[in-house]
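Student: What follows is a structure written as structure tokens; I'll ask about it next.
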């Protein structure tokens, strides 16, 4: 291989690590999400399932009547479920349905962060040799994590990779505990906000409030996508300027 070919290959590899923004956010997936949520709301409002909303309201009343025990036990259960690989966004929707947006989001942020940190600590405690292989499989994440900042952790959290795999990946790197916790908290927040808003909206007794809350969820998704794009471009420019 000639020097020119090697340079070209190296350049492609470096550029491949910093892939297009579509890897961070997919508007096609957002469109599918909109259609699915709209279909669910229409089905609930114009079929016999509408009567089941009364049962949901009764369940919400029972949960709120349980006092502080309900969110505390739910957070513990969600921590265990997320650690076992259950999709956190599904649990965010359920939490929003049962507790409402604010309390549901708080429950799931605590649970998701606790689950992620326990996995992170487990990888650090058992040794990083077996987990280090995960880093090689995700060159884009490795390029970001070379920066060792909460922002790099935040951006890696936006990748379409299962959260459990990312927790292992973080544990196999030299990312500090503080950067992991801060970056993960804010990295979980955008999609958790959207999913919890959707769940809370579906649980509303009023269809008008439900549609308003779903619309707000979509606005949050669009704003989050824009912010992620801007942070990604800034990180990519800084990375290339240092190479």
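Each value in this text was obtained by applying a stated rule to the coordinates, not by laboratory testing. The structure displayed is predicted, hence computed values, not measured ones. Don't worry about glycine lacking a Cβ; one is built from the backbone with ideal geometry, like all the others, and counts go over all protein chains shown.
Student: Most exposed first by the Cβ proxy, i.e. fewest other Cβ within 10 Å, how do 86, 107, 156, 63 rank?
Tutor: On the way: 86 13, 107 28, 156 25, 63 18.
Arranged by neighbour count, lowest to highest, 86, 107, 156, 63 become 86, 63, 156, 107.
Student: How would you order 161-168, 215-222, 112-119 from highest to lowest mean count of nearby Cβ atoms within 10 Å?
Tutor: Details: 161-168: 19.1, 215-222: 17.0, 112-119: 20.6.
Ranked from most to least packed, the peptides come out as 112-119, 161-168, 215-222.
Student: Find how much the distance from residue 86 to residue 182 grows on full extension, using 0.36 nm per residue of separation minus their present alpha carbon separation; answer in nm with one decimal.
Tutor: On the way: separation 96, 0.36 × 96 = 34.56 nm, distance 2.24 nm.
Full extension of this stretch gives 32.3 nm more.
Student: So, R0 is 45 Å and r is the distance between the beta-carbons of residue 118 and residue 211; what FRET efficiency does that work out to, to 0.05? Let's see the in-between values first.
Tutor: Values: r = 38 Å, r/R0 = 0.85.
Efficiency, from the Cβ-Cβ distance: 0.75.
Student: Still on this structure, I have one more. Going by average Cβ neighbours within 10 Å, how do the peptides 173-186, 190-203 rank, with the highest at the top?
Tutor: Numbers: 173-186: 17.6, 190-203: 24.4.
So the order, starting with the most tightly packed, is 190-203, 173-186.
Student: How many nm separate the modelled label positions at residue 68 and residue 227, each set 7 Å beyond the Cα in the direction of the Cβ?
Tutor: Rounded to a tenth, the inter-label distance reads 3.0 nm.
Student: Let me ask you something else. With 10 angstrom as the radius, rank 43, 214 by how many other C-beta atoms surround their C-beta, starting from the fewest. Walk me through the intermediate numbers first.
Tutor: Numbers: 43 11, 214 22.
The order, fewest Cβ neighbours first, is 43, 214.
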